Amino acid sequence: MSKRRKRRKHDGDKARKNLHAGYDMLHDHPLFYDLARSVWIEGTWDAPYPENGWVVATSRGNLAVHPERVAEPEEWLYVLAHALLHYGLDHFERRSRPWEWNVACDVVVARFLRDLKLGRAPLELRHPVDCAIRSEVALYEEFCLRGIPESLLEFGTAGRGRHDMVFIEGPIRIGPREGVTYVDLLSRGLARAVRSAVNVAGGAEGTTGARDRSNSRAERARRWFMSHYPLLGALAASFEIVDDRILCARMDVHVAAVCDATREVYLNSAAALSDEELRFVMAHELLHVGLRHGARCRGRDPFLWNVACDYVINGWLIEMSVGDIPSSLLYDPDLKGESAESVYDRIVLDMRRARKLRTLRGKGIPDILPGPSSGIQHDGIDLDEFYRRCLEQGLIYHHEQGRGTLPAGLIEEIRALSQPPIAWDVELARWFDEHFRPIEKIRTYARASRRQSSTPDIPRPRLVEPPGVRDGRTYGVVLDTSGSMDRVLLAKALGAIASYSVSRDVHAARVVFCDAHAYDQGYMAPEDIAGRVKVRGRGGTILQPGISLLEKARDFPKDAPLLIITDGQCDHVRTRREHACLPFQPKGEVFRIE
């Protein structure tokens, strides 16, 4: 036997082995036990299996499975469950437009399996479900009226552009007993799954370790969010609860902490919280993740930023009446209605007092644990996008189910996070457009233009700039040159400033370098800023002297704006001029360089 034939035989054996393993897992699940017994899984004689897909469900009760596709058992579990749900949800109906009906049913099944968290969706089926909670009929009518969105064409198990529900004439191969439908079998499975979950929670099923964890107070608090509080239910379902007091003691977690990269919430059982206080603490940590507070630190002091977020979150949770606030948490009613950024600007004015405050993790340390969250994926989705979707979908569920009112500030933050951020260089370009309008040239005969060869006797006017139009067309640059500034960040900022200055006809800018002292470089051409700047200092950071130097300079226009470039590890600056900067937003705009 040749090597190619041996390899093909080995792949075929592995494909069948994993397929049977996935079917066994499906058969053992209480929800699909009856359905799996009433459908012929490997009958491929009535309908050809999908060449580029996984499985096709036929009206005769058999599944045409791709016999040579090599996949993991968890993937087969997901795919077979998808096909069985078409039977259990009574999707085999003849419609005038079968393609729209098939896609509508696939979207509903994909949403069902996503909420059920059964198996693992194959890579080509891992697509976010953007539709709100609607039935198959409602989605079908919308698709017939408006067409099928491009993002909803990937949920079927037969491959793109193919039906995964096929009607074939003839009797059902196996099917349920007489007088029983597939819908009845799914209903029985739901009842069996609920009983199993109750038995596991009560300690009647499962191993000892699993029984203890599922019945812990922390797990009961998480299940409460999943069943009673839709705003945070999806986030609570996505996180693992770690309530090991020994591990929390090693990590210096006095009460609670959260890590968005590993999707873990740490709860110290030694804190002796009541059930209502435990719900408050868990909601606190989940909001930290959902509102992306760790990613929004953006060069600020991590602990002080955490404290500012704690003040805002605790005020919202008290207003929402989610549990009881523990006595040690940060809360100030005078900060009601303020954002975390504005609270941070208040805190940095008295850093000595702020350093003595406590988060849920402890004194002087943030309860948002650091982690490499930027490059991590969850089910094919970027981690930031995954958490934003959870909170955004939870907000929709909260309103649809009438679970009560929410603070206006929280709703605004959730909706703001759902919008894609604008790149910093685009914002900087808009800032230049606002302060430096294009120069409109005028026609003049004082210096004639070149005459056309066809009419050499007719003088032509020349387009020239109005006299004095460039006077005062400048701005000030206060550049943080301390040791904490990254050279790559400096290069990006100076290069963008130089290119935008040239394109907006700004012939010179007043440049001041600042670290422990201010170094006035005078007026510099844009190309000199980008290519031949010699950075001085590299000590500590005090920006206020440089800003005061420009405000008091007699040769600097009174209405010229300021552009402050810093990493945020500096003093709090004050200026009455129009300005834009990185870490503060008292009056000016903020461009965060990534």
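Could you check segment 240-327 for helices (runs of 4 or more DSSP H) lying wholly inside it with 1 or more residues that are of a type in the set (Phe, Trp, Tyr)? Walk me through it before giving the result.
Numbers: elements: 245-250, 275-290, 302-320.
In segment 240-327, the matching helices (runs of 4 or more DSSP H) lie at 275-290, 302-320.
Could you please tell me which pairs satisfy a Cβ distance under 9 Å, a separation of 6+ or placement on different chains, a first residue in segment 72-98 that is assigned by TED's automatic domain parsing to the domain that holds Asp34 and within 15 Å of Leu118 (Cβ to Cβ), and a second residue that is surrounded by fewer than 19 Cβ atoms within 10 Å (Cβ to Cβ) and basic (Lys, Arg)?
Listed by first residue and then by second, the contacts come to Glu72/Arg120; Pro73/Lys17; Glu74/Arg120; Glu75/Arg120; Leu77/Arg120; Tyr78/Arg120.
Does Arg146 satisfy the condition of being modelled with pLDDT of 80 or more, loosely packed, with under 15 Cβ neighbours inside 10 Å, out of contact with any helix residue (DSSP H, G or I) (no Cβ under 7 Å at 6 or more places or on another chain) and more than 28 Å from Gln401 (Cα to Cα)? Quick ask: steps written out before the conclusion?
Details: modelled with pLDDT of 80 or more: yes; loosely packed, with under 15 Cβ neighbours inside 10 Å: yes; out of contact with any helix residue (DSSP H, G or I) (no Cβ under 7 Å at 6 or more places or on another chain): yes; more than 28 Å from Gln401 (Cα to Cα): no.
Against the criterion (modelled with pLDDT of 80 or more, loosely packed, with under 15 Cβ neighbours inside 10 Å, out of contact with any helix residue (DSSP H, G or I) (no Cβ under 7 Å at 6 or more places or on another chain) and more than 28 Å from Gln401 (Cα to Cα)), Arg146 does not qualify.
Can you name the number of the only condition in (1) acidic (Asp, Glu); (2) assigned to a loop (DSSP other than H, G, I, E, B); (3) closer than 22 Å to Ile148 by Cβ; (4) at pLDDT below 85 that Glu68 fails?
Checking Glu68 against (1) acidic (Asp, Glu); (2) assigned to a loop (DSSP other than H, G, I, E, B); (3) closer than 22 Å to Ile148 by Cβ; (4) at pLDDT below 85, the one that fails is (3).
For segment 42-59, which residues satisfy the criterion of being at pLDDT below 80 and surrounded by fewer than 20 Cβ atoms within 10 Å (Cβ to Cβ)?
Scanning segment 42-59 gives Glu42, Gly43, Thr44, Trp45, Asp46, Ala47, Pro48, Tyr49, Glu51, Asn52.
Any chance you could count how many residues in segment 131-143 are under 27 Å from the mean Cα position of the chain (by Cα) and either surrounded by fewer than 16 Cβ atoms within 10 Å (Cβ to Cβ) or in a loop (DSSP other than H, G, I, E, B) (or both)?
5
In segment 273-304, how many residues are under 18 Å from Arg388 (Cβ atoms) and of a type in the set (A, V, I, L, M)?
6
For segment 317-340, give me the residue count where each residue is surrounded by 19 or more Cβ atoms within 10 Å (Cβ to Cβ) and either of a type outside the set (A, V, I, L, M) or touching a Ser or Thr at 6+ places or on another chain (Cβ under 9 Å) (or both).
4
Restricting to segment 62-110, count the residues that are charged (D, E, K, R) and buried (at least 16 other Cβ atoms within 10 Å of the Cβ).
Of the residues in segment 62-110, the ones charged (D, E, K, R) are 68-69, 72, 74-75, 90, 93-95, 97, 100, 106.
After this cut, where a residue has to be buried (at least 16 other Cβ atoms within 10 Å of the Cβ) as well, the list is 69, 74-75, 100, 106.
Qualifying residue count, segment 62-110: 5.
Condition test on Leu369, is it touching a strand residue (DSSP E or B) at 6+ places or on another chain (Cβ under 9 Å), more than 18 Å from Arg296 (Cβ to Cβ) and at pLDDT 85 or above?
In short, no.
Considering only residues that are in a helix (DSSP H, G or I), among the small types (Gly, Ala, Ser) and under 25 Å from Val255 (Cα atoms), which ones fall in segment 328-350?
Result: Ala340, single match.
Report every pair of residues separated by at least 6 positions or lying on different chains whose Cβ atoms are under 7 Å apart, first residue within segment 146-167 and among the polar types (S, T, N, Q), second in a loop (DSSP other than H, G, I, E, B).
From segment 146-167, the pairs are Ser151/His127; Ser151/Asp130; Thr157/Gly53; Thr157/Trp54; Thr157/Asp164.
Considering every residue within segment 160-169, establish whether at least one is touching a strand residue (DSSP E or B) at 6+ places or on another chain (Cβ under 6 Å) and modelled with pLDDT under 75.
So far as segment 160-169 goes, no, none of its residues is touching a strand residue (DSSP E or B) at 6+ places or on another chain (Cβ under 6 Å) and modelled with pLDDT under 75.
Please go through segment 509-532 and give me each residue that is under 24 Å from Val426 (Cα atoms) and assigned to a loop (DSSP other than H, G, I, E, B), ordered by number.
Ala525
List pairs: first residue in segment 241-261 and assigned by TED's automatic domain parsing to the domain that holds His288 and aliphatic (A, V, I, L, M), second residue in a strand (DSSP E or B) and surrounded by fewer than 18 Cβ atoms within 10 Å (Cβ to Cβ) anywhere in the structure, Cβ distance under 7 angstrom, at least six positions apart or on different chains.
Pairs that qualify, where the first residue is assigned by TED's automatic domain parsing to the domain that holds His288 and aliphatic (A, V, I, L, M) and the partner is in a strand (DSSP E or B) and surrounded by fewer than 18 Cβ atoms within 10 Å (Cβ to Cβ), are Val242/Glu264.
Looking at Val506, Val535, which is the one that is part of a loop (DSSP other than H, G, I, E, B), surrounded by 14 or more Cβ atoms within 10 Å (Cβ to Cβ) and either in contact with a helix residue (DSSP H, G or I) (Cβ under 6 Å, 6 or more places away or on another chain) or modelled with pLDDT under 80 (or both)?
When all the criteria are applied, what remains is Val535.
The values are calculated or read from the model by the stated rules, or taken from the named source; none is laboratory data. Not measured: the values here are computed from a predicted model. No Cβ is skipped: glycine too gets one built from the backbone with ideal geometry, and neighbour counts run over all protein chains shown.
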